[in-house]
Amino acid sequence: MKTVLIVDDDSNVTQTLRLWLESAEFEVEVAETGQKALEMFKPERFDAIILDLHLPDVSGKFVYDNLKEDQIIVVMSGDPLLLEDYPLRIAKPFRPKELLNFLEEIL
């Protein structure tokens, strides 16, 4: 079973993503802040991280920059311009099938 960490401070987003991913047989963990994500990270613990760029404590870019060497990170944002600098990205809003297909391709 693949394990995904969702990093987003919006509980509606994390709950929805959790439901979608668990229905597709992913194991899901959630971090509501960038600091929590950094604390939870251990190499090989997660198959992928789904990371929102807008977080309440540190920026998603900071989290990305600290983990990108050791982790597959899919960056998400409602602002398509912010996504241009990231190789793995998905624009909000997206449909469950879009996200699941995207994860199947990269994992």
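Taking each residue of the range 1-13 that is more than 19 Å from P93 (Cα to Cα) and modelled with pLDDT under 95 and looking for partners that are exposed (fewer than 15 other Cβ atoms within 10 Å of the Cβ) and not aliphatic (A, V, I, L, M) with beta-carbon atoms closer than 9 Å, six or more apart or interchain, yields M1/E25; M1/E27. Report yes if L99 is touching a helix residue (DSSP H, G or I) at 6+ places or on another chain (Cβ under 8 Å), hydrophobic (A, V, I, L, M, F, W, C) and assigned to a loop (DSSP other than H, G, I, E, B), otherwise no. No; evaluated as a whole, the condition is false for this residue. Restricting V74, V7, V58 to residues that are closer than 20 Å to L107 by Cβ and touching a Ser or Thr at 6+ places or on another chain (Cβ under 9 Å) narrows the list to V7. Looking at the range 1-92, the strands (runs of 3 or more DSSP E) lying wholly inside it that each contain 3 or more residues that are buried (at least 17 other Cβ atoms within 10 Å of the Cβ) sit at 3-7, 27-31, 48-52, 73-77.
Counting the residues of the range 1-57 that are in contact with a Leu (Cβ under 7 Å, 6 or more places away or on another chain) and more than 20 Å from K68 (Cβ to Cβ) gives 4.
When E39, E44, E69 are screened for being on the phi > 0 side of the Ramachandran plot and without any contact (Cβ under 8 Å) to a residue 12 or more places away in the chain, only E44 passes. Number of residues in the range 58-107 that are closer than 21 Å to Q35 by Cα, under 13 Å from the mean Cα position of the chain (by Cα) and of a type in the set (F, W, Y): the value is 2.
The values are calculated or read from the model by the stated rules, or taken from the named source; none is laboratory data. These figures come from a predicted structure and were not determined experimentally. Note that each Cβ is placed from the backbone with ideal geometry, even for glycine, and that neighbours are counted across all protein chains shown.
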